[in-house]
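To start, the structure under review is shown below, and the notes come after it.
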Amino acid sequence: MNDRTILVVDDSDFDRKLLVEALKRKGNFTIVEASTGERCLEALETVSVSLVLMDMLMPGIHGSGVLSEIRKRFSAVELPVIMVTSLSEDSNVVDCLQRGANDYITKPVNFEVALSRIETHLKLSEASREMARLRQNAALNALVTTYSHEINNPLTIAIGCLMAPELTPASKEKLEKELWRIAKIVKKIETAGRDAEVQFTDYTPVAKMMKLT
């Protein structure tokens, strides 16, 4: 799935098809449909969804109940949820917003308004993910700066031992000592990276260094 996949959830086939056709006609989206709250949750198990557009009142699990289950799995940034409600459901709207809905639209649906809000929340979600990625990059850069000097000296000595014409018992002992120092420093970097929630797999030099341990 692309990063503009919308899950439309409504027990009314007529209302759901209206929304789906409007979204297909006016936006560059991949659409997934669900007719019940249960099927919505099942779809989220197998499909990568960018946003959920869900009717408030449905048989079985009520829209607010489905929303609560969604928020157990995804944050409001990871998966925006827009509720669809009638004008007479103000108390339900408040309840859903408190449960983690990002927004709501009212019936009868104004498709231009719906499209605008969908685009807004998709952009906000993408911007939040990009900010998180930049924070991770900054955290990694800080770690690399902090530990690069510390690891440089034992690494230079170890390379010198390996480049020597002959590995004598003394140089072998020195090599083992420096490799142990390097392993300890890398372990410190790994621990600091976990604390900072940095994804080292995105950074080839550090990732390769990790594999040495």
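The values are calculated or read from the model by the stated rules, or taken from the named source; none is laboratory data. These figures come from a predicted structure and were not determined experimentally. Cβ atoms come from the backbone with ideal geometry, glycine included; neighbour counts cover every protein chain shown.
Would you mind finding the one in Ala183, Ala114 that is touching a strand residue (DSSP E or B) at 6+ places or on another chain (Cβ under 7 Å) and either of a type outside the set (S, T, N, Q) or closer than 28 Å to Val20 by Cβ (or both)?
Ala114 is the lone residue from the list that is touching a strand residue (DSSP E or B) at 6+ places or on another chain (Cβ under 7 Å) and either of a type outside the set (S, T, N, Q) or closer than 28 Å to Val20 by Cβ (or both).
Name the pairs whose Cβ atoms lie under 8 Å apart, with the first residue in the range 175-204 and under 13 Å from Leu140 (Cα atoms) and modelled with pLDDT under 75, the second charged (D, E, K, R) and assigned to a helix (DSSP H, G or I), and 6 or more positions between them or separate chains?
The qualifying pairs are Phe200/Glu190.
Would you point out the residue of the range 63-90, among those that are of a type outside the set (Ser, Thr, Tyr) and at pLDDT below 85, that is surrounded by the most Cβ atoms within 10 Å (Cβ to Cβ)?
Glu89
Is it the case, given these coordinates, that Val32 is in a strand (DSSP E or B) and either at pLDDT 95 or above or not assigned by TED's automatic domain parsing to the domain that holds Asp13 (or both)? Give the derivation first.
Values: in a strand (DSSP E or B): yes; either at pLDDT 95 or above or not assigned by TED's automatic domain parsing to the domain that holds Asp13 (or both): yes.
For Val32, the condition - in a strand (DSSP E or B) and either at pLDDT 95 or above or not assigned by TED's automatic domain parsing to the domain that holds Asp13 (or both) - is met.
Could you please let me know if Arg129 is closer than 30 Å to Lys24 by Cα and of a type in the set (Lys, Arg)?
When the stated conditions are applied, Arg129 passes them.
Restricting to the range 46-59, and then to whatever is touching a Lys or Arg at 6+ places or on another chain (Cβ under 9 Å) and over 17 Å from Val94 (Cα atoms), can you tell me which residue is surrounded by the fewest Cβ atoms within 10 Å (Cβ to Cβ)?
Residue satisfying both the conditions and the ranking: Ser50.
Let's see how each residue does on (1) more than 18 Å from Thr120 (Cβ to Cβ); (2) out of contact with any His (no Cβ under 6 Å at 6 or more places or on another chain); (3) outside any helix (DSSP H, G or I):
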site	(1), (2), (3)
Leu57	yes, yes, yes
Ala76	no, yes, yes
Leu79	no, yes, yes
Asp95	yes, yes, no
Gln98	yes, yes, no
